[in-house]
Each structure stands twice: as C-alpha cells, then as structure tokens.
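S.K.: I'd like to ask you about the structure that follows.
The values are calculated or read from the model by the stated rules, or taken from the named source; none is laboratory data. Remember, predicted model here, so these are calculated numbers, not experimental data. Backbone-built Cβ (ideal geometry, glycine too); neighbour counts: all protein chains shown. Surface accessibility is based on the protein's heavy atoms, side chains included, excluding ligands, DNA and RNA. Shrake-Rupley method; radii C 1.70, N 1.55, O 1.52, S 1.80 Å.
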Amino acid sequence: MQLSDCHNVSDFRALARKRLPYPVFHYIDGAADDEITKGRNSTAFDSCDLVPNVLAGVADVDMSTTIMGKRVSMPLFLSPTALQRLFHWEGERAVGRAASAFNTWFGISSLATVSLEEIGATVTAPKMFQLYVHKDEGLNRELISRARDSGFDALTLTVDTIVGGNRERCLRTGFTSPPKVTPRNALSYAAHPGWTLNYLFRESFSLPNLAGHLAEGSRVAMSVGDYFTKMLDQSLDWKRAEAIRAAWGDRPFCLKGVMSVDDARRAIDIGASAIMVSNHGGRQLDGSRAPFDQLTEIVDAVGDRIEVICDGGVRRGTHVLKALAAGATACSGGRLYLYALAAAGEAGVHRILSRLRDEIERDMKLMGVTRPDQLDRSHLRWR
C-alpha cells in the first residue's frame, strides 16, 4: 500500500498502521474505556440524511468562509494535537505547510514538538494555540505571552482534560512520551526501521514550549493520561478561564471541549469568540455524546451569538455538509490528518486535505448549493 492508494481517511489509517510501531499507532487510534464515544463521533453523522436540491446552477462553487475573523478557503480545519513529531519526523512543520497551502486554520498544542516562535514565523495559515492550564502558573503566563508575541491569531483553551482519560490501549502497549522501549514492544520498533531511524538520528525529540519548566513528557517518559492528571491544574474553573481570556487580549478566544448548552452560554458570558463542541476524540469521558449529536441543541441556544465548531469524527465531505446544515460555523478534526501525517508526512496531509476539499466541493454541487452559508436544516432529515 502506497500514498497513491489512499483516497480517504480510512485508507490513510491503514497505511499509518503499517508504517508506525504499534504503541505509536494505537496512541493515535485509541480512546477511553470501551471506545464507544470514539466510534459514535463518526457514526452520529449517519443519524440524518442529506436532502439535495437540483437545477441550482452550481458551476461556480465558493467554499470559503470566515472562522474567528479569518477568511479561509474551506469550512474544515486542523484541530490542535500533541506530539506530532512522534508520528512523522517533520511533525507540525509538515502539517503547518499543508494548512498554509490550503489556507485553513492550523492549531498546535501546548505539547507541540515545534516551538511557538518557529510556527509563528513559518506558517502563513491562520494559527491557533491550544492551551493546557498547568499547575505551574509561570508556564501558563509564558505560553500565553509567547503565543501572542509569535503572532498566533487565536487562543484555544481546552477544558475537558481535568484528569486523563482511561486510555487502555496505551496501558497495554506501554506508550509514553518520549517513547520507552520495553521487552514487550521492542520487536515492533525494530520491525519499523524507517520510523525508528528517523526518531533516533534526526532532531532530538522534545516539547520545546515546556522547556525550562517541565521535564515530563520531553526528557522524562510519561503516559499522556498521567501527564494530564499530574501536570494539569484540576482547579481550573470559569473564573480562571475568564482571566485567561483577559490575559490573551482582544484576539479571538475559543473554548474547546464544550458539550452542554449551559456551558456554551457561560462561554459567551466570559467573552469567548467561539466554542469547539468536542469530546477530545473520545479519549476522555467514554459514554459522552458525540459532537454532532449535541450540535443542533447548542446552535439553537447560542448560534446567533458565538461561533460553533463541530470538532471530531469528521471523515467525509458529507459530514462537513451535515454539520454546516445543522448550524455549525465549520468543522475540525485531529485523526483525519494525523493518520495522513503518519502515513506520508507533508505529502500525506496535503493529499487528505485535497481529497476532503474535493469531496466538499463535489457534495455541495450535488446538494445544489454554491456557498457554505446556503446549507440549512431544510437540507437535513433525521431518521
């Protein structure tokens, strides 16, 4: 199987599985507990059908839309994810270049493997920095200041990681950051020499945005679940979120992990520009609802006062169209591009974005619409 054989997210998942040692693949692919929510994130889109209109004159389609004040070329963007240079040696650099080529938002994590300053200087796409609130308040202040000084366009505060989810695949494989070779997983690393040689002999793995504050996750091996539980501040509350909003200043501020109407309303109260309706890819609370399942309820309550982004489970252009018709401003996702990054680096991310962009355009034409804002509830029927 080669890059040319990959036509959708599922194909890239299969190729990533072949190219990664199994602890690394299962970190990307896995979720919490029984992984019910992870599966539901995608299958939720099957709960409704699209109703197209015909004879609409769709020769010229404009997929562009405005998200958090930035005009982008399509209503789908790359959600922030951690540890990207573990999946491919180019990591965030590859993803940032692909996002720039497609002019769509690119998010990086507090646990990014490339510095805020480098991303700020090299990525031309709109950029969001995703903040995990650590117990080290000096680190929190420094991350916000560095993101602002590096020209990031939005700050996204993740609010659903008060403790780490029970990621049992990681427990079984022994995945840590940085990776730790054990008698149980050594053969898998040896059987994937391309990944292993890149990891050993290219730029040393690190989490540069945490340097000077934390060794955990960068020089001291730790599972991501343990990192969240031990390093992040469990006292994070609405008052603190409002203070972070104030510290960020007048640029867009987003809350990632909002799943209830009450929390969406409180996000407005503290001055948020957008919310990402998200359950962290099913990696935190298994049994929680899928973002698409919650979308209409949240949009009906607050959609005229705040941007609502459907984050997670997106695998097809039709998923994006369904979310837009339900009232979302846009969609975002992580695994959809991480599989592609792991499979083929920048070329993989470029190819999956091209495929998804083409699907969105084709499906818009088949729906009889030429702009994303023409989609509405009349185009949906729930089963």
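S.K.: I need the phi-derived Karplus couplings for the stretch 118-129: 6.51 cos²θ - 1.76 cosθ + 1.60, θ = phi - 60°, integer Hz, Gly and Pro marked x.
M.R.: Using θ = phi - 60°, the values come out as 5, 4, x, 7, 10, 9, 8, 5, x, 10, 10, 9 Hz.
S.K.: Enumerate the aspartates and glutamates that Lys18 could reach by cross-link, defined here as Cα to Cα under 19 Å, with residues fewer than 8 away along the same chain left out.
M.R.: Straight-line reach from Lys18, under 19 Å: Asp5, Asp29, Glu90, Glu346.
S.K.: Return the single residue from Lys127, Lys239, Lys322 with maximal mean-square fluctuation; model: Gaussian network over the chain, springs between Cα atoms under 10 Å.
M.R.: The residue with the greatest mean-square fluctuation here is Lys239.
S.K.: Express the carbon and sulfur contribution to the solvent-accessible surface of the stretch 174-230 as a percent, rounded to the nearest whole number, probe 1.4 angstrom.
M.R.: 61 percent
S.K.: Relative contact order of the stretch 1-156: what whole-number percent is it, with Cα pairs under 8 angstrom and at least 6 residues apart?
M.R.: Numbers: 167 pairs, mean separation 23.6, N = 156.
It rounds to 15 percent for the stretch 1-156.
S.K.: Continuing with the same structure: For Lys365, which aspartates and glutamates qualify as cross-link partners when the Cα separation must be under 17 Å and same-chain residues fewer than eight apart are set aside?
M.R.: Once the sequence-local aspartates and glutamates are set aside, what remains near Lys365 is Asp49, Asp60, Asp62, Asp373, Asp376.
S.K.: Run through the stretch 293-383 and list the GluC sites (Glu not before Pro) located in a DSSP loop whose Cβ has at most 10 other Cβ atoms within 10 Å.
M.R.: Sparse-neighbourhood loop GluC sites (Glu not before Pro): none present.
S.K.: Let me ask something additional. List the residues whose amide H sits under 5 Å from the amide H of Asp233, counting only those 5 or more places along or on another chain, with H placed 1.01 Å from N in the peptide plane.
M.R.: Val133, His134, Lys135
S.K.: If you don't mind, another one. Enumerate the calculated ³J(HN,Hα) couplings along the stretch 273-281 in order (Karplus 6.51 cos²θ - 1.76 cosθ + 1.60, θ = phi - 60°), each rounded to whole Hz, writing x wherever the residue is Gly or Pro.
M.R.: Working through the residues one at a time gives 8, 8, 10, 9, 6, 7, 10, 6, x Hz.
S.K.: Amide H of Ile67 versus every other amide H placed in the peptide plane: which residues, excluding those fewer than 5 positions away on the same chain, fall under 5 Å?
M.R.: Val72
S.K.: To make sure I understand the rule: partners must be lysines, Cα under 21 Å from the Cα of Lys38, and not fewer than 8 residues away in the same chain. Which ones qualify?
M.R.: Lys256, Lys322
S.K.: Using the Karplus equation 6.51 cos²θ - 1.76 cosθ + 1.60 (θ = phi - 60°), what ³J(HN,Hα) coupling, rounded to whole Hz, does each residue of the stretch 54-71 give in order, writing x for Gly and Pro?
M.R.: 10, 6, 9, x, 10, 5, 10, 10, 10, 7, 5, 7, 9, 10, 6, x, 10, 7
S.K.: What value, in deg cm²/dmol to 500, does the helix sum -39500 (n - 2.57) over DSSP H runs of n ≥ 4 give at 222 nm once divided by the residues of the chain? The partial results should precede the final answer.
M.R.: Numbers: 15 runs with 162 residues, N = 383.
Here the helix-only value at 222 nm equals -12500 deg cm²/dmol.
S.K.: On to the next question. Would you grab the residues whose amide H sits under 5 Å from the one on Ser332? Only those 5+ places off in sequence or on another chain, please, with H modelled 1.01 Å from N.
M.R.: Those lying under 5 Å, H to H, from Ser332 are Phe77, Cys310, Asp311, Gly312.
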